[in-house]
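We did not get these values from a lab; they are worked out from the coordinates using the rules stated. For clarity, every value in this text was computed on a predicted model and none was experimentally measured. As a convention, Cβ positions derive from the backbone with ideal geometry for all residues, glycine included, and neighbour counts pool all protein chains shown.
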Amino acid sequence: MRRIRDLFIPCVFGLLVLIALICLLAGCATSSGGVTGSGPASVSTGTHAPDGMATVAVADLPPEARTTMALIKAGGPFPYHQDGVVFQNRERLLPHESSGYYHEYTVETPGSPDRGARRIIAARDGTLYYTSDHYESFQRIVQS
């Protein structure tokens, strides 16, 4: 019985390490640009700016994102008390700027019991970024 237990723990640990490695590699494969996935929560246009960042046209955003953009332009009122808070850019996927340069706003996610994963990040210079996967990837919104 002791021999089985002595073998079981290292095997379980090895399996967990393998699962973590697969998850990490799968994440790297999907974060190479743009937003991946399917369904209404994702946007993928396949276009990139000269700096390599994925872009998305306003017309290609979900209607809820366009509503959030209108609220940002109008200065509110916003539906969530977190809207307008400083976005720290901890993921370092947006250009490096000083603290307070970016602010985040919720994009409603139909059917979600909470705020959902979709956000628009507004830069001080007026540039807007969209994420449908809670900051794992961003697209610069092309405002024509």
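Roughly speaking, what is the stretch gain from Arg66 to Glu97, that is 0.36 nm per residue apart minus the C-alpha to C-alpha distance, in nm to one decimal? Show your work: numbers first, answer last.
Details: separation 31, 0.36 × 31 = 11.16 nm, distance 2.52 nm.
Length gained, Arg66 through Glu97: 8.6 nm.
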Exercise for the section: For Tyr102, list long-range residues whose amide hydrogen, built 1.01 Å from N in the peptide plane, is under 5 Å from its own amide hydrogen. Expected result: Phe87
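Could you work out how much longer the chain between His81 and Ala57 gets when fully extended? Use 0.36 nm per residue separation minus the Cα distance between them, nm to one decimal. All intermediate terms of the calculation are to be shown ahead of the outcome.
Numbers: separation 24, 0.36 × 24 = 8.64 nm, distance 2.74 nm.
Extra length from His81 to Ala57 when fully extended: 5.9 nm.
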Handout entry: Cleavage-rule hits (trypsin sites (Lys or Arg not before Pro)) in segment 51-142: DSSP loop, at most 11 neighbouring Cβ within 10 angstrom
Key = Arg90, Arg92, Arg124
Practice task
Tabulate in residue order the Karplus-calculated ³J(HN,Hα) for segment 82-92, using 6.51 cos²θ - 1.76 cosθ + 1.60 with θ = phi - 60°, rounded to whole Hz; enter x for Gly and Pro.
Solution key: 7, 4, x, 6, 5, 8, 7, 6, 4, 6, 6
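What ranking of Ser144, Ser132, Ser99 emerges when the number of other C-beta atoms within 10 Å of each C-beta is taken as an exposure proxy, fewest first? Intermediate results must be reported in sequence, preceding the final value.
Details: Ser144 5, Ser132 27, Ser99 9.
By the 10 Å Cβ count, ascending: Ser144, Ser99, Ser132.
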